[in-house]
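Chemist: First the structure, which I've put down as structure tokens, then a few questions once you've had a look.
The values are calculated or read from the model by the stated rules, or taken from the named source; none is laboratory data. Please read these numbers as outputs of a predicted model, since none were measured by experiment. Cβ coordinates were reconstructed from backbone atoms using ideal geometry, including for glycine residues, and neighbour counts include every protein chain displayed. Note: accessible area is taken over every heavy atom of the protein model, side chains too, but ligands, DNA and RNA are not part of it. Shrake-Rupley method; radii C 1.70, N 1.55, O 1.52, S 1.80 Å.
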Amino acid sequence: MSLLKAGKLIHDIIPGMGRMGFDKSLGKIFITSGTGVIGYRVAMSLLNAGHTDVRVGVWMGERDAGGGKGNHEFVDNIVKKLKEKGAEIVDFDWTDPMCFDKVLKGVKTVFCSLPHMEAHQDAFTGFVVSCKENKIEHFVKISFLHVDEYRKNVPLAHFHNVCDELLEQAPKTSRISYTVLATSHLMSTPFLAQGELLTKQRKYVTASYGMGVNYVSPNDVADAAMVVLMDRKKHRNKVYQLTARPVTDREVAKQLSIACECEIQHIELGYHDYVKSIKSRGLPEWLAKDAAAFERTKASGIDEEPRIYTKDLENLIGRKPESFIDYLKNKESQRPGKKLPKPAEASA
């Protein structure tokens, strides 16, 4: 469900919370990406649930690989909504280590979701060093599944797994405890990765060869984050694998069509044609490489193997995870300015 509503009890929205209140030791929470798919949801949920000491990082240029780069109106809408709820907004840029100490001043808890960007490993390493120096006590990180096939073949998955290992060493040399939420593919990925190809041309292009893909809802991931943030003692120094049941990309296209009330054409390409398609979109080489590697790995059928599934997500949130169509219909949880296209737009 996510985005806890004022006036409702937390356990009514996230059964996994039980009847606990806020852990007072949370202190000030810094959310690294207020414009991000998960970061925005976590920030709003914390504020709606009554936590008043929330600092949210926003880069005003919005480093969004999905076509929103430089969309200042989009960023301004999010900033306005977060401020109205009582968030403290600060400028934050992963590529500028000089800002790390400033955003971490007085912070006890960090919720970290990294943007998809080049040279991200050096940025994360420097940020963890600053967290140690600023005596951060709990660090919650969004990651990608710890599955060898993805780690070996997809640069982004390898990066996340290496960063997780770095974080796992932090308690040995600092006061930091960690919780890693390693997610499978987010249901928001089609919008972020396909950009105008999906929203304007009404095409969903994949190369997964009809294999099932393990998609999870950002709403569920945000709810899981709320659980571990508010009960850090129970979840300290743990890694959770957040998964759901596989669905084919052809079925995803059908669900997108239902939610958008217009036909989204599914185009299944071979790997090499998919690479050409990516390059034709003008994506940076490093980003195109990640996208192609993800498709090739999905096409291997790894997401259909029972061994990669866990009950971690369901156990954390205390309910069944959202289906793809439920996620698409949950408009209340969408970031302001990120809306599904209307039928009339399909012919525009």
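Chemist: Tell me which residues come under 5 Å, amide H to amide H, from Val216 once H is placed; ignore anything under 5 positions away on its chain.
Modeler: The list, which skips near neighbours in sequence, is His185, Leu186, Met187.
Chemist: Just the number, please: carbon plus sulfur as a percent of the accessible area of segment 228-342, 1.4 Å probe, no ligands or DNA/RNA counted. Can you show the working numbers first?
Modeler: Working: 3000 of 6150 Å².
The nonpolar share, carbon plus sulfur, comes to 49 percent.
Chemist: Simple spin-label model, 7 Å along Cα-to-Cβ: Met98 to Asp76 in nm?
Modeler: 2.7 nm
Chemist: Using heavy-atom solvent-accessible surface (probe 1.4 Å) with all chains present, what is the largest-first order of Asp326, Asp91, Asp53?
Modeler: Largest accessible area first, the list is Asp91, Asp326, Asp53.
Chemist: Using modelled amide H (1.01 Å from N, peptide plane; none on Pro or chain starts), what sits under 5 Å from the amide H of Val110, excluding residues fewer than 5 places away?
Modeler: Phe30, His138, Phe139, Val140
Chemist: Are there trypsin sites (Lys or Arg not before Pro) in segment 78-164 that DSSP marks as loop and that have at most 12 other Cβ atoms within 10 Å, and which are they?
Modeler: Taking segment 78-164 and a limit of 12 other Cβ atoms within 10 Å, the loop trypsin sites (Lys or Arg not before Pro) found are Lys105, Lys135.
Chemist: Within straight cross-link reach of Lys234, meaning Cα distance under 18 Å, which aspartates and glutamates are found once same-chain residues fewer than 8 apart are removed?
Modeler: Straight-line reach from Lys234, under 18 Å: Asp23, Glu137, Glu168, Asp223, Asp312, Glu314.
Chemist: Give me log10 I(q)/I(0) at q = 0.08, 0.16, 0.21 Å⁻¹ for segment 178-325, Debye formula, one equal scatterer per alpha-carbon, no solvent.
Modeler: With one equal scatterer per Cα and no solvent, log10 I(q)/I(0) is -0.25, -0.91, -1.29.
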